[in-house]
Each structure stands twice: as C-alpha cells, then as structure tokens.
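The values are calculated or read from the model by the stated rules, or taken from the named source; none is laboratory data. Just so it is clear, the model here is predicted, and its values are computed rather than measured. Neighbour counts are summed over all protein chains in view; Cβ atoms, including those assigned to glycine, are modelled from backbone coordinates with ideal geometry.
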Amino acid sequence: MSNRPEETRVVVGMSGGVDSSVTAWLLKQQGYDVIGVFMKNWDDTDEFGHCTAEDDFADVRRVCDNIGIPYYTVNFEKEYYEKVFSYFLDEYRKGRTPNPDVLCNREIKFKEFLDAALDLGADYIATGHYARVEQQGGEYRLLRGVDQNKDQTYFLNQLSQYQLSKAMFPIGDLPKPEVRKIAEEAGLATAKKKDSTGICFIGERNFKEFLSNYLPAQPGEMQTLSGEVKGRHDGLMYYTLGQRHGLGIGGSGDPWFVVGKDLERNVLYVEQGEHEELFSRGLYATDLNLFSEVNRPQTFTCTAKFRYRQPDQGVTVHLHPNNTCVVVFDQPQKAVTPGQSVVLYDGDVCLGGATIDRVFKTEAELLQV
C-alpha cells in the first residue's frame with residue numbers, strides 16, 4: 001500500500017454534521033483520494049412523515065460538492081436492527097441500561113461500513129470521532145482526542161486491532177472550536193449545524209414513547225428497601241440506577257434516587273439522599289476487549305470510566321477467563337450501571353473496555369468472585 005496521499009483512498013463516513021464534514025475537507029486538503037459515504041441505519045420518519053435522514057443526506061451532498069469529492073449512500077437498516085437494536089431491546093427487557101453507540105461502532109461503522117468502503121477500493125476509512133490512533137511496535141493504540149471535553153474513545157472501546165489499523169480520525173488532534181472555525185473558513189454548509197445528541201435512532205423523540213412501541217410497559221410499585229410504598233412506576237425499563245428526575249415523589253428533604261430493580265416482583269426501589277445502596281466497591285464485566293495483551297499482567301492498576309464524560313477513577317483490574325474481569329474501585333462509586341461500559345485508561349491511552357454485568361456493594365462480595 002502506498003503511503004503517498006494521492007495514491008491512498010480514504011472513504012469518509014459522513015453524517016451530515018460538522019465533524020465528519022471537516023474530516024472529509026482535511027483529508028482532501030492533505031491530498032488524499034477522498035470519497036464521502038452517508039450511512040442510513042434507521043428509518044427515522046417522524047409522525048408527520050418527515051425523514052430527518054433526507055435532510056442529513058442533503059447536507060452531505062452540499063458538503064461533498066463544496067469539497068469536490070464523489071459521494072454515495074449505503075443502507076444498513078437491516079444490519080443495524082439485527083446487530084444493534086435487537087440487543088438494545090433485549091438489555092432493557094433484562095432491566096439493564098445498554099449503550100448502543102458502542103455496539104454500533106463495532107458492528108456497523110467499523111464493520112459493515114468498513115466492508116462497503118473496501119468494496120469501493122478504500123485503503124482506510126475515516127470518521128468524525130474525537131480520538132487518535134497511532135502505531136507502536138507493530139500494534140495500534142487508541143488515544144483520547146486532544147479535546148478532552150469531546151473525547152469519544154469511550155464509545156470505541158470494542159474495536160479490534162484490524163479495525164484500528166483501517167481507521168483515521170483527522171479531527172482527533174483538534175479542539176471542537178477549531179473544527180467549527182475550519183468549517184466556517186472553508187464555507188462548508190454544515191459549519192453552524194447543531195451537534196446531534198442522544199441515541200441515534202431515537203433522535204428528538206420522547207424516550208418513553210419510543211420504547212413503548214417495542215416493549216410493553218408493566219407499571220408497578222415504587223418502594224423503599226424497607227418496603228414502604230412511595231408511588232407507582234411506569235415500567236422498570238424506563239428507569240436507570242441513580243436516576244433522580246421523573247420519579248414523582250413529593251415531600252421535603254433530600255431528593256429521591258433509584259437504587260435498584262426487582263424484575264420478578266416488578267418493583268422499583270428508591271431511597272432518599274446519598275444512600276449507601278447507590279454506591280458500589282467493584283464490578284464484574286464481560287466481553288472484555290483489550291487493545292494489547294502484550295506483557296499484560298493478570299492484575300494491574302489503571303483508571304476507568306463507568307459512564308461517558310465521567311472523570312477518570314482509580315481502579316485495580318483482575319483478568320478472568322473467557323474475556324471477563326473484576327474491577328475493584330479505589331473509592332466507592334455512585335450509580336455504576338449494568339449494561340453500560342467500563343472503559344480502561346493509562347493516561348491518554350485507551351486500554352480497552354468491557355460490559356458491566358453486575359456490581360459489588362461490599363468487599364466480601366468481591367472476595368467471592
């Protein structure tokens with residue numbers, strides 16, 4: 001493979017947002033053979049019959065015309081439903097809180113899209129993620145984006161060495177304001193477009209209404225751990241550990257939080273204030289993906305995030321068979337939630353991540369694993 005940009009084809013996953021637009025522009029400026037591809041992963045027609053994907057693709061067309069690159073669209077609705085959305089629903093049925101973006105990156109953006117790009121003759125794919133990849137000693141490392149406030153390595157923790165070897169993240173070295181500035185100076189149509197938020201397939205829709213279309217809600221009692229009934233819940237799937245808002249519990253004093261779920265009895269447990277049940281000392285995780293296992297001891301210390309945008313927390317990791325691990329916290333952690341990702345770091349280097357299966361409230365529980 002040639003290292004000369006003009007002989008290197010890069011297919012850019014374009015969403016119609018400013019980040020992927022600038023990604024394509026930067027690569028074109030650097031002399032690469034660039035193609036833009038818009039992924040349609042979800043039929044997002046709203047109740048008025050309007051499809052926001054059509055607006056996004058119109059922006060992709062405008063940007064690609066601005067830059068002077070060809071563009072295509074690919075449809076992964078079937079693959080997305082089978083590989084991401086079905087998992088999303090299954091996790092909610094189990095009372096967990098899944099992170100579909102992590103699975104979408106592994107199965108769609110860096111698998112289905114990568115395969116489609118290779119069919120177009122790509123040497124690499126590029127996306128607008130705030131992350132960096134570097135090669136060191138024959139292996140590829142994933143590093144945090146320079147803009148720590150926008151870093152997206154949390155969502156890339158399940159990628160393989162092969163996927164990293166084919167990935168380029170041109171804006172990973174830039175702060176977000178600089179990305180906006182580049183877009184404006186280049187006259188890109190998306191320069192002032194608002195960033196998308198939330199789960200991609202829900203968009204701006206109400207989460208409860210959306211989920212109720214796929215899973216039947218079963219209202220039930222809201223109780224304290226001692227059994228005092230505090231009200232009714234709309235369905236366990238609508239609540240997550242540590243949730244404070246939307247409980248509808250009146251009265252004075254400290255706020256109320258969700259501290260647990262009983263799926264068999266269909267009971268949502270709540271407690272007032274910083275209750276000890278909110279905190280855990282460690283976790284057991286599955287689907288562990290480490291980017292490098294070279295010279296990796298069975299037990300090691302590092303930092304971790306248990307949710308996006310959380311400050312790093314000190315932990316000790318104990319590797320177990322079958323891609324599982326136990327993570328012990330230096331300090332008790334609040335509202336660590338099964339279904340979410342635990343992502344491990346050594347400074348700016350993302351070591352990998354896993355799916356939180358269950359948490360441990362006491363050191364005695366940890367010793368039994």
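What number of residues within the range 145-177 satisfy the criterion of being without any contact (Cβ under 8 Å) to a residue 12 or more places away in the chain and either among the aromatic types (Phe, Trp, Tyr) or crowded, with 22+ Cβ neighbours inside 10 Å (or both)? Before you say what the answer is, go through the steps one by one.
So the first thing to find is which residues in the range 145-177 are without any contact (Cβ under 8 Å) to a residue 12 or more places away in the chain, and the list is 148, 162, 177.
If we keep only those that are either among the aromatic types (Phe, Trp, Tyr) or crowded, with 22+ Cβ neighbours inside 10 Å (or both) too, we end up with 162.
Residues in the range 145-177 being without any contact (Cβ under 8 Å) to a residue 12 or more places away in the chain and either among the aromatic types (Phe, Trp, Tyr) or crowded, with 22+ Cβ neighbours inside 10 Å (or both): 1 in total.
Selection of the range 251-265 for residues being exposed (fewer than 12 other Cβ atoms within 10 Å of the Cβ) and among the basic types (Lys, Arg) yields only ARG265.
Conditions (1) surrounded by 15 or more Cβ atoms within 10 Å (Cβ to Cβ); (2) closer than 17 Å to LEU142 by Cα, marked per residue:
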{"residue": "GLN313", "(1), (2)": "yes, no"}
{"residue": "LEU319", "(1), (2)": "yes, no"}
{"residue": "THR324", "(1), (2)": "yes, no"}
{"residue": "VAL328", "(1), (2)": "yes, no"}
{"residue": "GLN331", "(1), (2)": "no, no"}
{"residue": "TYR345", "(1), (2)": "yes, yes"}
{"residue": "GLY352", "(1), (2)": "yes, yes"}
{"residue": "ILE356", "(1), (2)": "yes, no"}
{"residue": "ALA364", "(1), (2)": "no, no"}
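Can you pull out every residue in the range 63-116 that is without any contact (Cβ under 8 Å) to a residue 24 or more places away in the chain, more than 16 Å from TYR214 (Cβ to Cβ) and of a type in the set (Asp, Glu)? Scanning the range 63-116 gives ASP65, ASP115.
Say whether the condition of being hydroxyl-bearing (Ser, Thr, Tyr), under 27 Å from THR52 (Cβ atoms), surrounded by 17 or more Cβ atoms within 10 Å (Cβ to Cβ) and modelled with pLDDT under 95 is met by at least one residue in the range 223-238. So far as the range 223-238 goes, yes, one or more of its residues are hydroxyl-bearing (Ser, Thr, Tyr), under 27 Å from THR52 (Cβ atoms), surrounded by 17 or more Cβ atoms within 10 Å (Cβ to Cβ) and modelled with pLDDT under 95.
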